[in-house]
Amino acid sequence: MVRPMTTAKIRLYVDHPLGSGQSVPLNRDQAHYLFGVMRLGVGAQVLLFNGHDGEWQAEVVQAGKRGGVLRADAQTRILQMPPDLWLLFAPIKKARTDFIVEKATEMGAARICAVQTAHTNADRIRQDRLQAHAIEAAEQCGGTYVPPVDDLQRLDRLLDGWNASRHILFCDEGLAGQAPALISDLTSTSVPWAILIGPEGGFSEAERARLHALPHAHAISLGPRILRADTAAVAALTLWQSALGDWG
Ligand code: SAH
């Protein structure tokens, strides 16, 4: 849960249906945050979203140490879905992985998939922690949608079962320094898409060969310098959003 800026109302994600007059029970953490940390009391107004029903203005009707109840009154925003863009990334060090999930949520990814590649050091992720980061990022950035964060899966298996109608933007560090036409290539295609970012160790030769051979994968360069995976994720999301996404 994120501290609001001075003028902004508190925005809270709740795992509960939202509608006019709907009572929303709070769990211990939420009650601690609203009534302990933020010092709200009965009658205070907050904004709620649940990822499905848009954003709702709600009033505190019960405030306790271990729980409480809010009442949703009026919808303030409708659900705004991001474009159908997945981010596939190989988990790296903890803080950088957290950063990728946070930034992907802010940048408008519809789904976040951790993939295990040949050179990925992790063999598991804390899916629940990463999902909590996505929720916090959505609370902070005014999002009404929370991208699901999938548990770690092997890239080769994911590609085995891949639906070829989803294009893959394959960020290939082997192309660094080359300048393939990209924005114009991308704008001639339609959604759905997935961005694929490799680990710090890069892709293996076998992975690169396989990806280059896939007709639905488009290999691109992200410029002349080798970016860290977290930087590469933000750069690729920016590129895609400005070419094909919901930026305007
Ligand atoms: N160790 C590798 C770099 C890996 S960078 C090497 O030295 O070659 C981590 C990931 O970020 C890469 O797998 C790729 O997906 C992406 N990336 C970083 N810089 C890139 C660039 N200039 N072009 C395309 N992808 C890049």
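Just a few scattered comments:
- Each of residue 157 and residue 212 was given a label point 7 Å from its Cα along the Cα-to-Cβ line. The distance between the two points is 2.8 nm.
- Net charge of Cβ neighbours under 10 Å - reference residue 96; Lys, Arg +1; Asp, Glu -1: 0
- Taking a ≥ b ≥ c as the square roots of the eigenvalues of the Cα gyration tensor, the chain is classed as prolate, since a/c reaches at least 1.5 and a/b is larger than b/c.
- Helix-only arithmetic for the chain: the sum of -39500 (n - 2.57) across DSSP H runs with n ≥ 4, divided by the residue total, places the mean residue ellipticity at 222 nm at -8000 deg cm²/dmol.
- Three-way shape label, the stretch 11-77, alpha-carbon gyration tensor, a/c 1.5: prolate
- In terms of the mean number of neighbouring beta-carbon atoms within 10 Å, the peptides 192-201, 235-244 order highest first as 192-201, 235-244.
- The value of relative contact order for the stretch 85-244, using C-alpha pairs under 8 Å at least six residues apart, is 31 percent.
- Net +/- balance of residues flanking residue 128 in space, Cβ distance below 15 Å, scoring K and R +1, D and E -1: -2
- Counting only DSSP beta bridges with both residues in the chain, the antiparallel share comes to about 40 percent.
- Orientation-averaged projection of the stretch 96-231 equals 8.4 nm² [convex hull of Cα atoms, one quarter of hull surface area].
- Annotation: amide H of residue 152 within the under-5 Å range of 125, sequence separation 5 or more or interchain, hydrogens built in the peptide plane.
- Cα-based shape type of the stretch 30-122, given that a ≥ b ≥ c are square roots of the gyration tensor eigenvalues and the cut on a/c is 1.5: oblate
- The C-alpha atoms of the chain define a longest principal axis, and helix 94-107 lies at about 80 degrees to it.
Every read-out reported here was derived from the displayed coordinates using simple, explicitly stated rules and does not represent laboratory data. Just so it is clear, the model here is predicted, and its values are computed rather than measured. Cβ: placed from backbone, ideal geometry, glycine included. Neighbour counts: every protein chain shown.
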